[in-house]
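The values are calculated or read from the model by the stated rules, or taken from the named source; none is laboratory data. Since the model is a prediction, treat every value here as computed from it, not as a measurement. Cβ coordinates were reconstructed from backbone atoms using ideal geometry, including for glycine residues, and neighbour counts include every protein chain displayed.
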Number of protein chains: 2
Amino acid sequence: MALRASNPLVPKISRSGYSGEVKPARISIRASDNGLKEKKRSFSGFSPSKEDFFRLDLDLTVRDLERLFQQKSGAGNDFSGRPVRVAYQGVRGSYCQEAAMKSYTFCNALPCNQMEEAFKALEEKTADRAIIPVENSIDGQIGRNFDLLVRHNASIVGESIFPVNHCLLAIKGCEKTSIKRIVSHPQAISHCKTRLEALGLEIEEVSNSAEAAKILSENSITDTAVIGSQIAAKEFGLQILEQNLQERNGNFNRFFHLALSPATFPTSSSGNSSCKTTIAFSLENGVSDLARALLIFETRDIPVTRVDHRPNRSRPIRVVKNEEHRVGYFDYVFLLDIEGHESDPKVEKALQNLNEVSGFLRVLGSYT
Amino acid sequence: MALRASNPLVPKISRSGYSGEVKPARISIRASDNGLKEKKRSFSGFSPSKEDFFRLDLDLTVRDLERLFQQKSGAGNDFSGRPVRVAYQGVRGSYCQEAAMKSYTFCNALPCNQMEEAFKALEEKTADRAIIPVENSIDGQIGRNFDLLVRHNASIVGESIFPVNHCLLAIKGCEKTSIKRIVSHPQAISHCKTRLEALGLEIEEVSNSAEAAKILSENSITDTAVIGSQIAAKEFGLQILEQNLQERNGNFNRFFHLALSPATFPTSSSGNSSCKTTIAFSLENGVSDLARALLIFETRDIPVTRVDHRPNRSRPIRVVKNEEHRVGYFDYVFLLDIEGHESDPKVEKALQNLNEVSGFLRVLGSYT
């Protein structure tokens, strides 16, 4: 009996209960009994924030957000006119290829089956940059890519945040009415649930949308459409029947641009004002010191814009003796995004301070 | 042409680049230039922690840790002698079933294909408890189960933390020398990599180890072994050729026990001293207020033992106008574990304070 599925072209996705993120759930936050409140500016014991916050209203369109988030393209400026060799995770037609080609307009995009290969390509200098997806605003962090970041010596030299644009792709010339079935990765299906329900067609989950798009094209399948990227349409000569099938505004992917060496920046302080630094560290006294670690930045007026963690694989369990008994806690590597360049004196001082309570501390990169 | 793999019995796992946690990477933390330092007890501007921490040494065995972490079994005490009906995620033979049966010795364990079904079973009162896996100490959070927790009204009424015991399972009577191939979920394969390499056999990834164990048994396959749980051996009449194949100490799974109503506790303060409370909240001013939120607990001597976050799906993007331009940040729901019961006056006061800066705040449960 074959334990391996006999047609491996479009394998079904994992359905195991413990693998994590395969089929993300939709969530709608419920207010507690305390209710959803209007924004409050006061905070007992603290002065109000100086920053002026805007609520994200529905009239702020995806195009507006794209304009806000879109990074300046690397455009190969530091590569003396030759194309930037950009390793990306996935096959041709994937969203990661799309990110690579949007981020570096003059680039050779190099597909990598596994993310590890992209790091290897950097280390072996067969690629100048690697693009890795690190977060989706609806589904959360891509934990294993953060793990790889901490494990490898590559530096973050840039980021791109792109709105997700789930397109309905079909064979050129094929009528929309002939479509009987829609296939895609469960994450894309989850993002487009309402629109798909309205279409009332058969839905099938596959492990790789770009691969499904390729099969569609190569076999001229006319009764099936794939939810995939714009780049998949271009790569495989498909037509885009519909764009932006996703049901939520605010659905963005965040990608890091990696290089072997840290990014170079203008030396003037103004040149670094919109710079962001990502750091990884462990806390010798555990999670309970996180407040103190954050205050190191807070007290120096360095905004912390993201707080994340991954398991501390070198010491996954911390055993503590308190007054009554010994208890155990999971232990973590923390990841912070802070505003400012690592060479900014106040950031430098904060990092020195953080180092005093860290088992290890590493700057993963300063970037815009 | 079939887009669906024709033998769906043991589908191959998802290999898509963007689905997240399917094949976790092994990580070994590298020290920065600052080096791995000895534990420091001083912290500029703060008094040293009172707690006495122990390093986890290799002589602390899995058995010791199990003793430390093992929770008192519910044992059906509050169900008047009838078995507790415990819904769990996964099929028979899964690690989640094992957790259910270890946690409630007198129980009817009810398999659920999707985690949503376990929540539904609680809400429809066909189950008294649901067991959900929430974290692995090596691979990290199971984000979608935290999402479900925030979305549903179920309360956390207990937790179990069990060491992972990956067993090599084969047909009874089958000689170890006859095994040519080992199949399992990629997570288990990743946990056992060194031992598997030493065995030098063919390795195959499948989406569901328990299902593979069942197929092995039903088809009396003698050339294949499965890495799975002890309960899978029992459920499908397999022999355990080896136990504890995982290569790391400190590999633990954490499960929450859920019920429709909050847990009841002894009223004496001593009865709540080892109690833990998990809360979910959003921050009106975003991540930069997290330090302040944590200080609410810190200043009241309430230890925060875990800080996590999930995307804030009701507002995934926060747009901020700073001095120069408008920028966007991803926005989150934060999840904290704090020590103490929600009805403890100092916890109650801290939660009132936190509520002042939270868009929403919900106590997910107080439990031991």
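List of remarks:
- Residues within segment A:167-181 that are over 17 Å from A:Ser94 (Cα atoms), in contact with an Asp or Glu (Cβ under 8 Å, 6 or more places away or on another chain) and buried (at least 19 other Cβ atoms within 10 Å of the Cβ), tallied: 1
- Every condition in (1) of a type in the set (A, V, I, L, M); (2) within 15 Å of the chain's Cα centre (by Cα); (3) within 13 Å of chain B (Cβ to nearest Cβ) holds for A:Ile203 except the one numbered (2).
- Taken as a whole, the condition of being under 30 Å from B:Ile138 (Cβ atoms), free of Cβ contacts under 8 Å to residues at least 60 places away in the same chain, of a type outside the set (Asp, Glu) and crowded, with 23+ Cβ neighbours inside 10 Å applies to A:Ala188.
- Residues of segment A:308-361 that turn out to be more than 7 Å from chain B (Cβ to nearest Cβ) and of a type in the set (Lys, Arg), as a count: 2
- Residues of segment A:271-317 that are of a type in the set (S, T, N, Q), touching a Phe, Trp or Tyr at 6+ places or on another chain (Cβ under 6 Å) and over 21 Å from B:Tyr329 (Cα atoms): A:Ser282, A:Asn312.
- The single residue among B:Ser229, B:Ser282, B:Ser261 that is within 23 Å of the chain's Cα centre (by Cα) and over 29 Å from A:Gly143 (Cα atoms) turns out to be B:Ser261.
- Residues that are assigned to a strand (DSSP E or B) and either among the aliphatic types (A, V, I, L, M) or at pLDDT below 95 (or both) occur at least once in segment B:281-294.
Matching residues to (1) in contact with a Pro (Cβ under 9 Å, 6 or more places away or on another chain); (2) closer than 24 Å to A:Leu149 by Cβ; (3) touching a residue at least 60 places away in the same chain (Cβ under 8 Å):
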| position | (1), (2), (3) |
| --- | --- |
| A:Ala198 | no, no, no |
| A:Glu205 | yes, no, yes |
| A:Gln239 | no, no, yes |
| A:Asn251 | yes, yes, yes |
| A:Phe255 | yes, yes, yes |
| A:Ala263 | no, yes, yes |
| A:Cys275 | no, yes, yes |
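- Top-ranked residue in segment B:314-346 [being modelled with pLDDT under 90 and among the basic types (Lys, Arg); ranked as surrounded by the fewest Cβ atoms within 10 Å (Cβ to Cβ)]: B:Lys321
- Just so you know, in segment B:119-141 the residues that are touching a residue at least 60 places away in the same chain (Cβ under 8 Å) and of a type in the set (A, V, I, L, M) include one that is nearest to A:Arg318 (Cα to Cα), and it is B:Ile138.
- Those residues of segment A:288-323 which are within 24 Å of A:Lys346 (Cα to Cα) and of a type in the set (A, V, I, L, M, F, W, C), in sequence order: A:Leu290, A:Ala291, A:Ala293, A:Leu294, A:Leu295, A:Ile296, A:Phe297, A:Ile302, A:Val304, A:Val307
- Segments classed as strands (runs of 3 or more DSSP E), wholly inside segment B:309-368, with at least 3 members that are of a type outside the set (A, V, I, L, M, F, W, C) and at negative phi: B:326-330, B:332-339, B:358-367
- Single unsatisfied condition, A:Gln239 versus (1) at pLDDT 95 or above; (2) surrounded by 17 or more Cβ atoms within 10 Å (Cβ to Cβ); (3) farther than 21 Å from A:Val347 by Cβ: (2)
- Reported count of residues in segment B:89-124, each being away from chain A (no Cβ under 11 Å), within 19 Å of B:Arg151 (Cβ to Cβ) and not in a helix (DSSP H, G or I), is 1.
- Restricted to segment A:285-307, and to residues there that are more than 7 Å from every other protein chain (Cβ to nearest Cβ) and touching a residue at least 40 places away in the same chain (Cβ under 8 Å), the residue that is surrounded by the fewest Cβ atoms within 10 Å (Cβ to Cβ) is A:Asp301.
- Taken over segment B:208-259, residues that are within 12 Å of chain A (Cβ to nearest Cβ) and closer than 30 Å to B:Leu364 by Cβ amount to 13.
- Residues of segment B:130-179 that turn out to be of a type in the set (Asp, Glu) and not assigned by TED's automatic domain parsing to the domain that holds B:Ala99, as a count: 1
- Considering segment B:175-200, the residues that are closer than 22 Å to B:Glu235 by Cβ and aliphatic (A, V, I, L, M) include one that is nearest to the other protein chains (Cβ to nearest Cβ), namely B:Val183.
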